[in-house]
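K.L.:
Quick one: the structure is below, and I'll ask about it shortly.
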Amino acid sequence: MTVTVFFLFRFYIWAVAKLPIVCIVGRPNVGKSSLFNRILGRRAAVVSDRDGVTRDRHYQTAFYNGREFTVVDTGGFLPDDSIDVLADSVRAQIFTALQDADLVLFMVDIRVGITDLDQQFARMVKRLDKQVILVANKSEVPEDRTESWEFLPLGLGQPRTISALTGYACLSLLDEVIGLLPGGTKGIHDEIRPIRFAILGRPNAGKSTLLNRILGEERAVVSDIPGTTRDSIDCTFIVDEVPFVVTDTAGLRKKARVSDEVEVFSNMRTQESIRRSDLCVLIIDVTRGLEVQDFRIITDIRKAGKGLILLLNKWDILPNKTDKSFDHLVKDMFEREPMLEFVPILSISAKDGQRVHRVIQEIKTVYNNCRRVLGRDRLAEVFAEACEKNPHPTRQSRPIKLMRACQIMVEPPVIDIETRYPEFVDEAYKRYLMKLFFDAFQLSGAPLRLNFDQKLTLRKDEDLEQFTESSDRISVGVPPVRRVDGKARQR
């Protein structure tokens, strides 16, 4: 079954991929995932100094200078005689990604120099007859950038010296990448990047009904039988000159209950839909309430760093409904999961169309919040006021002083906070800062993350804004979420 699912998934990638594909390859620990994150402008891949952290192929959609393309992060190439028991599987993943690629970024470590493994891998890549750019990473020090000539024997052309860590020369590299991709330097989304969102939920929660209601046509099959939708369906539509791409997904069930081979593949497609989307709309069957599987889906969305909107569907058939029903349900949800306080919640009826028109408005708002540049000066001001008003308590006789804060990423927005003892920062204080930032910057629905480090990573607003060039145009006229007593209220 596993082999069948693997080839089905490979067929899916081949069948639905409409964008040019840029594949990042190299031996372990040359900075592939760091460059992957740098291109995306967010931390989509785990980065570590330890070899072999990345093993699978990781697909994400990137957008730069009016061009949209797919970027693929791969595991580090290992030789046949490697002691790693998964080396064969990792190599298979790498070459599968290479076969589908339109352009290959072959990465080397300029500080280490050329290695036998680099030469072995380069020979294999050249046999595939692909466009290749040789990227010499870890060029933080100017003296290292003069040593790139030693990689010429790889036969992959002149190396481009960059630093994925600091961003040195990465924009020049991206300019060259989009110039070499099929279709020229501009893509089909030259004017406005489409907002991609996925409709998620348990089986029979009303996902396909909502899709049909939004599109105004019977685009998806609707049935009371759970599991009717087996595939992830992408549909494009335009509202107020803003393009959207919506993905209707199969219902996500608990893994222990998934045994059918097709359903296993449907779940894989749904997980991939989460990764490809800018934000997710989670539908809750209000007649059943918020169940354990819904919390699992919320956790998956957060791990992927995507925005979130909750829809309480089937509001028209909620038994014993009163004017206070919505408030009571939302309060109960907050008690079970406090982080839902920062998520827009709407009560709708996808079948009757009740309040469905407000879903698109919320999607615009959350999309904008996910791509917001908070402003370095304003963030420093809010952070300083918070620490002055409520200083961090002493832990284990150590004064825990939080010194500076700076936004380091967008989509998802990440705030880095400098402190001498990051491991001792109290969880309650983290929640205090989280709530304060959500309220101060109106980040409803955004997957805000806080990092605590001994040394602060500083980023200029201009560096962050290059990844949000289309967000300002779609956010015009989008009001912030109204809040009552610090809680989102959308009925």
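K.L.:
Count, please, the residues in the range 145-155 that happen to be assigned to a helix (DSSP H, G or I) and loosely packed, with under 14 Cβ neighbours inside 10 Å.
P.N.:
5
K.L.:
Let me ask another. Tell me, yes or no, whether the range 99-110 has at least one residue that is part of a helix (DSSP H, G or I) and more than 19 Å from PHE151 (Cα to Cα).
P.N.:
Within the range 99-110 (the criterion being part of a helix (DSSP H, G or I) and more than 19 Å from PHE151 (Cα to Cα)), the answer is yes, since at least one residue qualifies.
K.L.:
Which residue is surrounded by the fewest Cβ atoms within 10 Å (Cβ to Cβ), if the candidates are limited to the range 380-407 and must be part of a strand (DSSP E or B) and modelled with pLDDT of 90 or more?
P.N.:
MET403
K.L.:
Have a look at ASP461, ASP416, ASP439 and point out the one that is surrounded by 14 or more Cβ atoms within 10 Å (Cβ to Cβ), at pLDDT below 90, not β-branched (Val, Ile, Thr) and not assigned by TED's automatic domain parsing to the domain that holds LYS306.
P.N.:
That would be ASP461, the only listed residue that is surrounded by 14 or more Cβ atoms within 10 Å (Cβ to Cβ), at pLDDT below 90, not β-branched (Val, Ile, Thr) and not assigned by TED's automatic domain parsing to the domain that holds LYS306.
K.L.:
If I filter the range 77-85 for residues that are part of a loop (DSSP other than H, G, I, E, B), at pLDDT 90 or above and either closer than 29 Å to THR166 by Cα or not hydroxyl-bearing (Ser, Thr, Tyr) (or both), do I get at least one hit?
P.N.:
No, because not a single residue in the range 77-85 is part of a loop (DSSP other than H, G, I, E, B), at pLDDT 90 or above and either closer than 29 Å to THR166 by Cα or not hydroxyl-bearing (Ser, Thr, Tyr) (or both).
K.L.:
While we're here: Among the listed residues VAL132, VAL125, VAL90, which satisfies the condition of being under 23 Å from ILE39 (Cα atoms), hydrophobic (A, V, I, L, M, F, W, C) and under 26 Å from the mean Cα position of the chain (by Cα)?
P.N.:
After ruling out the rest, the residue left standing is VAL90.
K.L.:
Same structure again: State all residues of the range 348-377 that are farther than 29 Å from VAL330 by Cβ and either surrounded by 14 or more Cβ atoms within 10 Å (Cβ to Cβ) or at pLDDT below 90 (or both); if no residue qualifies, say none.
P.N.:
Within the range 348-377, VAL373, GLY375, ARG376 meet the criteria.
Residue by residue, here is whether (1) in contact (Cβ under 8 Å) with a residue 60 or more places away in the chain; (2) in the same structural domain as VAL71 (by TED's automatic domain parsing); (3) closer than 22 Å to GLN60 by Cα; (4) in contact with a helix residue (DSSP H, G or I) (Cβ under 9 Å, 6 or more places away or on another chain) holds:
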| site | (1), (2), (3), (4) |
| --- | --- |
| PHE95 | no, yes, yes, yes |
| ILE114 | no, yes, no, yes |
| LEU134 | no, yes, yes, yes |
| VAL141 | no, yes, no, no |
| ARG145 | no, yes, no, no |
| GLY157 | no, yes, no, no |
| CYS170 | yes, yes, yes, yes |
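K.L.:
If a residue must be outside any loop (DSSP other than H, G, I, E, B) and either β-branched (Val, Ile, Thr) or modelled with pLDDT of 90 or more (or both), how many such residues does the range 271-289 contain?
P.N.:
Qualifying residue count for the region: 8.
K.L.:
Another one. Looking at the range 93-144, which of its residues are among the hydroxyl-bearing types (Ser, Thr, Tyr) and surrounded by 16 or more Cβ atoms within 10 Å (Cβ to Cβ)?
P.N.:
THR96, SER139
K.L.:
Considering only the range 290-341, state which residues are part of a loop (DSSP other than H, G, I, E, B) and hydrophobic (A, V, I, L, M, F, W, C).
P.N.:
If the condition is that a residue be part of a loop (DSSP other than H, G, I, E, B) and hydrophobic (A, V, I, L, M, F, W, C), then LEU290, ALA304, LEU318 are the ones that fit.
K.L.:
Oh, and also: Filter the range 425-446 for residues that are assigned to a loop (DSSP other than H, G, I, E, B) and in contact with a His (Cβ under 9 Å, 6 or more places away or on another chain) and give the result.
P.N.:
VAL425, ASP426
K.L.:
Any chance you could count how many residues in the range 410-424 are touching a helix residue (DSSP H, G or I) at 6+ places or on another chain (Cβ under 9 Å) and part of a loop (DSSP other than H, G, I, E, B)?
P.N.:
The total comes to 4.
K.L.:
Name the residues in the range 142-170 that are under 16 Å from SER34 (Cα atoms) and among the aliphatic types (A, V, I, L, M), would you?
P.N.:
ILE162, ALA164, LEU165, ALA169 - these are the residues of the range 142-170 that are under 16 Å from SER34 (Cα atoms) and among the aliphatic types (A, V, I, L, M).
K.L.:
Still on this model: Which members of the range 378-409 meet the condition of being charged (D, E, K, R) and under 29 Å from the mean Cα position of the chain (by Cα)?
P.N.:
ARG378, GLU381, ARG404 - these are the residues of the range 378-409 that are charged (D, E, K, R) and under 29 Å from the mean Cα position of the chain (by Cα).
K.L.:
Quick check, is SER259 closer than 22 Å to LEU312 by Cβ, surrounded by fewer than 22 Cβ atoms within 10 Å (Cβ to Cβ) and at pLDDT below 60?
P.N.:
Criteria not met by SER259.
K.L.:
Follow-up. Which ranges mark the strands (runs of 3 or more DSSP E) fully within the range 156-249 that have 1 or more residues being modelled with pLDDT of 65 or more and buried (at least 22 other Cβ atoms within 10 Å of the Cβ)?
P.N.:
Counting at least 1 such residues, we get 195-201, 242-248.
The values are calculated or read from the model by the stated rules, or taken from the named source; none is laboratory data. Nothing here was measured: the structure is a model prediction, and the numbers come from that model. Note that we place each Cβ from the backbone using ideal geometry, even for glycine, and neighbour counts take in every protein chain shown.
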